[in-house]
């Protein structure tokens with residue numbers, strides 16, 4: 001794009017109305033969304049998206065792990081694509097913007113070019129990655145991981161939900177192809193997303209220029225005790241895994257605090273078995289999500305978890321184990337892509353700050369095979385993975401304009 | 001019975017073989033039993049029992065809450081009955097003896113009289129109480145509570161299991177009568193049971209002469225936080241109910257320890273919602289079972305629970321509440337019934353001790369309307385509500401002989 005052209009802008013009203021229309025698919029009573037991966041509501045959301053993308057001059061392609069690609073031809077169409085996109089699936093009690101914003105901001109960027117008859121030199125490719133949330137099928141960012149070659153297709157298709165339904169069964173039922181198509185050559189990739197944290201809001205910034213993603217992992221801790229009757233069994237004759245938890249929980253929170261304000265500890269799932277009110281549980285199981293942007297602190301958190309669990313087992317005469325279920329090492333995004341975002345922000349005059357993402361995103365996988373960066377916009381109170389998730393039309397429009405200009409730079 | 005007769009004895013081998021035959025109904029792979037109340041396996045266990053009772057000269061009667069009564073006529077059959085019995089339902093991962101022993105020891109006592117053609121003056125009534133465990137339908141000792149007039153029939157029949165199936169639906173399906181029959185006049189009642197604790201074993205005693213039951217109650221604590229994403233949300237910006245639990249658990253165990261070795265605290269059920277590993281839970285729910293044999297300590301435990309929960313809510317800015325789900329005040333058993341047990345122990349020459357039951361039993365309800373006492377025998381390691389629950393044929397026979405002699409005294 002030459003400086004003499006007037007720079008195009010997105011249509012913020014259209015973006016907002018499409019976000020609201022998408023939110024009506026799988027809408028929950030509390031104002032959120034429930035479109036879990038590969039369910040019928042996820043498919044209904046994708047159908048809405050595909051209609052809009054076709055009308056904006058894109059061609060649609062789907063792959064063997066349930067990803068959707070909407071391609072807009074470039075003026076030199078044999079060149080590598082410039083990608084953007086995110087996901088449409090949600091947590092069971094998710095919000096209206098997580099993932100959806102990145103897809104619809106990308107669509108809005110393409111549609112704004114379509115409105116003006118502008119064509120980029122490189123083709124553009126808008127992606128809807130399958131099962132980013134990992135809440136129905138237990139592998140977050142599943143579709144982008146398979147696409148990037150980090151997770152074998154067969155392993156992903158074998159994943160099952162809590163009812164025992166496999167990814168494979170759903171993909172067959174929904175008519176997805178059996179084999180992966182060869183990956184397009186990718187020049188660069190951008191993803192717009194709500195921040196899902198309170199930093200931009202606290203600093204009164206409109207745009208976060210995301211330079212990387214923190215280190216993160218998910219662990220399962222199992223404590224085996226001995227089932228016993230709640231009444232006659234004296235406290236000192238018990239092997240009570242909840243007593244172990246009583247030691248572990250405060251120790252885990254204290255350890256996390258010792259690694260500074262950037263450390264994150266989340267215990268999202270706790271279960272006792274048999275789960276009867278008048279029986280000392282024979283088994284206690286919980287998940288531990290650990291994150292830190294700095295490698296040394298992150299490593300110390302993982303070592304600390306294992307050592308605290310070992311201490312607790314010894315103190316209380318319990319059996320048990322810690323198992324790492326999933327790990328995503330920290331990511332540093334591409335300098336050229338970051339510059340394209342930084343330049344777009346400067347051109348548009350928005351208040352911005354550079355930041356590291358606390359959450360994992362499909363861009364972590366994409367960055368393994370292509371130059372990548374991300375653009376954040378604020379969300380109210382930093383709330384996400386919550387039905388009350390909220391963002392302003394003004395900030396969402398700003399982020400989409402940054403995305404549009406950065407895409408134009410990268411695709412020129 | 002005159003002193004000149006030779007005192008009858010039970011057949012310990014038959015008692016043991018019947019215990020093992022009953023344990024084959026709903027047997028679990030780990031050697032325990034799963035016959036939850038009013039399920040098909042509970043019915044199969046009762047059918048086995050009814051066949052044995054009919055063959056031992058009893059008449060069978062069932063009531064509108066699923067209790068079974070096997071009556072053996074007395075020589076003066078219009079006199080009030082002397083009752084004995086317990087329950088055949090089990091925890092989901094229960095053992096072979098909890099409840100079952102009391103039913104089959106009673107059957108063995110009656111059968112030993114039947115073998116010898118001995119008839120008591122008062123009629124004997126052997127009861128199988130419905131849903132003592134309260135693990136499928138959430139009201140422990142349900143059948144005896146309705147029988148004793150402490151729980152309205154309609155309220156009990158409205159109870160539902162986790163799949164939404166009601167007691168009423170099961171009773172209709174299984175052909176139980178719709179109305180309660182008038183309660184028999186009861187002269188005295190005895191229940192034999194495994195101790196479900198380690199005291200007898202620790203003191204090398206064969207028989208526990210049970211003089212009462214400790215105070216006990218079950219509470220539900222709910223902590224409401226705010227769902228948030230595990231990654232970007234700083235620790236100090238969270239409303240994390242698990243952080244509340246990290247304060248509460250050690251405080252609850254410490255408070256319990258301060259009330260001495262007879263105090264009991266059991267946290268059998270813990271649940272987080274939405275239960276997603278990468279979402280700070282919006283809700284945490286757990287049960288608290290509190291017990292103490294002394295009224296003042298017991299009252300202090302309940303006050304302490306409420307006050308610790310209130311403190312935690314304030315400290316962490318959480319919403320929440322404590323709710324008492326069920327309470328059974330302590331029971332002092334009847335002096336005449338206790339004496340009958342004590343005399344039988346002395347006659348038989350067993351090592352015995354007087355004790356207070358840590359667990360609730362149907363006898364707590366029965367004692368509301370009739371003179372009552374209980375007989376305990378040891379179980380290995382005090383284990384109960386556990387598939388590994390175990391007791392020796394010798395101790396079980398000893399307890400059944402005590403029951404037989406005490407019944408003869410009370411029914412003469």
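Here, each number is a calculation from the coordinates, and none is a lab measurement. Because the structure is a prediction, the values reported are computed rather than measured. Methodologically, a virtual Cβ is constructed for each residue, glycine included, from the backbone with ideal geometry; neighbour enumeration extends over all protein chains shown.
Here are the numbers for this structure:
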| item | result |
| --- | --- |
| Average beta carbon contacts from partner chains per residue of A:372-384, 10 Å cutoff | 2 |
| Nearest-ten-degree value, helix A:335-348 long axis tilted from longest Cα axis of chain A | 60 degrees |
| For region A:215-328, average projected area of the Cα convex hull in nm² | 6.8 nm² |
| At R0 = 41 Å, FRET efficiency that the Cβ-Cβ distance of residue B:295 and residue B:154 yields, to 0.05 | 0.80 |
| Bridge type composition, chain B - antiparallel percent by DSSP, nearest 5 | 65 percent |
| Other copies of residue A:173: label-to-label distances in nm, shortest first, labels 7 Å along the beta-carbon direction | 2.6 |
| Chain B: radius of gyration and largest Cα-Cα distance (Dmax), Å | 22.9, 86 |
| Most fluctuating residue given options B:126, B:265, B:19, as computed from a GNM of chain B linking Cα atoms under 10 Å | B:265 |
| Paramagnetic reach from residue A:183 (point 7 Å along Cα→Cβ, amide N under 17 Å) across region A:60-89 | A:62-70, A:80-86 |
| Beta carbon of chain B nearest to the axis of the rotation taking B to A, residue and angstrom distance | B:270, 2 |
| Degrees, to the nearest 10: A:40-55 long Cα axis against longest axis of chain A | 10 degrees |
| A:372, A:28 arranged by Cβ crowding within 10 Å, fewest neighbours leading | A:28, A:372 |
| Rel. contact order, % - alpha carbon contacts under 8 angstrom, at least six apart, chain B | 24 percent |
| Residue A:30 versus residue B:204: modelled label distance in nm, points set 7 Å from Cα along the beta carbon direction | 6.0 nm |
| GNM top mover of B:59, B:132, B:108 - chain B, alpha-carbon springs below 10 Å | B:59 |
| Cβ neighbours within 10 Å from other chains - mean over A:212-223 | 1 |
| Other-copy label distances relative to residue B:116, 7 angstrom Cα-Cβ extension, nm | 10.6 |
| Label geometry 7 Å along the beta-carbon vector: residue B:236 inter-copy distances in nm | 4.2 |
| Cα long-axis angle, helix A:295-316 against chain A (0 to 90 degrees, to the nearest 10) | 20 degrees |
| Simple spin-label estimate for residue A:114 and residue A:336 in nanometres, 7 Å along Cα-Cβ | 2.8 nm |
| Packing-based exposure ordering (other Cβ within 10 Å, fewest first) of A:247, B:77, B:236 | B:236, B:77, A:247 |
| Choice from B:49, B:269, B:137 with maximal GNM fluctuation in chain B (Cα, 10 Å cutoff) | B:269 |
| Exposure proxy ranking, count of Cβ atoms within 10 Å, fewest first, for B:191, A:62 | A:62, B:191 |
| Computed [θ] at 222 nm, helices only, for chain B once each DSSP H run of length n ≥ 4 contributes -39500 (n - 2.57) | -11000 deg cm²/dmol |
| Nitroxide proxy distance, nm - points 7 Å out along Cα→Cβ at residue B:325 and residue A:258 | 3.7 nm |
| Sites residue B:59 and residue B:369 - FRET efficiency at Förster radius 22 Å, r taken between beta-carbons, to 0.05 | 0.50 |
| Test item: B:285-293 mean partner chain Cβ contacts at 10 Å | 3 |
